[in-house]
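Notes to accompany the following structure.
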Amino acid sequence: MKKEADSKELPNTAAFQDEFTRSLLDSPEEVKEGYYLFKSKTGGYSMLWPKNATTDGPPFYQRNKSGFEKILFSEIDEEKNYSYAFSTTYTTYGDSLIETSLNMLSSSVGYNGEYEKIETNKTIIYYAKLEDKIGTVNESVTSYNYFSYIVSKDSKKGIEYIFTANCFDEINRVCKIDPKVEEEKALIQMKNVTFRADG
């Protein structure tokens, strides 16, 4: 793909109109409706990337050779009154430190429950969700959090995946976020994480 192509020749989506985000994506062709393919430069995994999500360089994007990669990316539309935030952290621990990995994930999102185990052909997803209030009493919004630790069945690779959805203002404006729709979206993204089998 011509990464340096004039932005006018590229899809009119936030992901491809943003120079840094575009540099991370495999192709301007959608691999699933609403998603591009992100192929990690670690060589270890790939995942779906929402067409209107963007990220910046460090500290929002961090990579250490082939063993670690952390990306914070988001899709924000103030006019439509919604904000989606994503955090993915790739490591080469896989399931060897699964309890530690889940404890770290729980701590980072403030969760004190159990995880549901979901299997795909190539991965095991330890999944949970949490509804929370953020902000002050008079200006609080509901934050819907869907998170998991995804491990490869074929290698020592894993990803912590956190997806958060909320409205900017749910007191004075219509908030169209549907928790069931957002959960379905989160699970589609988590189930489409793929790992390279070696190592």
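The values are calculated or read from the model by the stated rules, or taken from the named source; none is laboratory data. The shown structure was predicted, so the numbers you read here are calculated from the model rather than taken from an experiment. We place every Cβ from the backbone using ideal geometry, glycine too, and count neighbours over all the protein chains shown. The area values use the complete protein model at the heavy-atom level, side chains included, leaving out ligands, DNA and RNA. Shrake-Rupley method; radii C 1.70, N 1.55, O 1.52, S 1.80 Å.
Listed values, structure above:
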quantity	calculated
Any chance F20 is closer than 22 Å to M190 by Cβ, modelled with pLDDT of 95 or more and out of contact with any Leu (no Cβ under 7 Å at 6 or more places or on another chain)	no
Residues being surrounded by fewer than 20 Cβ atoms within 10 Å (Cβ to Cβ) and not in a loop (DSSP other than H, G, I, E, B) - total across the stretch 32-60	5
Test: residue in the stretch 76-84 that is farther than 17 Å from N192 by Cα, touching a residue at least 60 places away in the same chain (Cβ under 8 Å) and buried (at least 19 other Cβ atoms within 10 Å of the Cβ)	yes
Residue list for the stretch 26-61, filter: acidic (D, E) and touching a residue at least 12 places away in the same chain (Cβ under 8 Å)	D26, E30, D56
Any hit, the stretch 1-10, residues being modelled with pLDDT of 95 or more and either part of a loop (DSSP other than H, G, I, E, B) or open to solvent by 30 Å² or more (accessible area, probe 1.4 Å) (or both)	no
Any pair with Cβ under 8 angstrom, 6 or more apart, that starts in the stretch 14-25 at a residue that is closer than 17 Å to K39 by Cβ and open to solvent by 10 Å² or more (accessible area, probe 1.4 Å) and ends at one that is in a strand (DSSP E or B) and of a type in the set (S, T, N, Q)	F20/T54
Those residues of the stretch 161-187 which are within 11 Å of the chain's Cα centre (by Cα) and β-branched (V, I, T), in sequence order	I162, T164
